[in-house]
Structures are given as C-alpha cells and as structure tokens.
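The values are calculated or read from the model by the stated rules, or taken from the named source; none is laboratory data. Note that the structure is a prediction, hence the values are computed from the model and not measured. Here the Cβ positions follow ideal geometry from the backbone for every residue, glycine too, while neighbour counts run over all protein chains shown.
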Amino acid sequence: MLGEKSKEFPAYYAQFSSIKKALADFADSYFIVGEHAIDYTSFDQNLTDAFIDPDGRGHQIYNCEEPTLYLIRPDGYISYK
C-alpha cells in the first residue's frame, strides 16, 4: 500500500494493518510513505513493514496521489489497484 504524502501516517497505517491481517495467508504486505509523511519524533522504529520513499520516486512510478492499495505479483505485474 502506498500511503498519501501527508502527515496522517497513524490513521493510514491503522487501515493498512487491518488489510495486512486479512491478507496474511495470501501475500506479504508493505506500507510505503513519503519522507515528510512521518513525524520522526513519534515514529515507531520497530515497524518492519513500513518503508519511507524519500524522494517520492515510488509514488511517482505508481502514480499515487492518495492512499492506494496495489497487488503486485513477484514478476512486477500490477494485478490490482
């Protein structure tokens, strides 16, 4: 899931966690956020499924302006957006 480039990380991450739990038997799930979306003073460094897209390149490649769920096969094919 690519997260919106905003400071609403906790709310979007909570939604992502619900989706991740539902898909746990079928797929690996990762949450990707823009660099400025994280409040570094409250970010939990133990989150291993959240990645920061520091230059916004991932968001640009996948044309992501709002929180978006993608299902990407291992060969890179996007089978759901």
- Task: Read through the list (1) loosely packed, with under 10 Cβ neighbours inside 10 Å; (2) at pLDDT 85 or above, then give the number of the only condition that Ser79 fails.
- Result: (2)
- Item | Qualifying position, being modelled with pLDDT of 75 or more, surrounded by 10 or more Cβ atoms within 10 Å (Cβ to Cβ) and over 20 Å from Ser79 (Cα atoms), among Tyr62, Tyr12 | Tyr12
- Are there any pairs with C-beta distances below 8 angstrom linking a residue in the range 19-33 that is touching a residue at least 12 places away in the same chain (Cβ under 8 Å) to a residue that is among the polar types (S, T, N, Q) and in a helix (DSSP H, G or I), with the two at least 6 apart or on different chains, and if so which? none
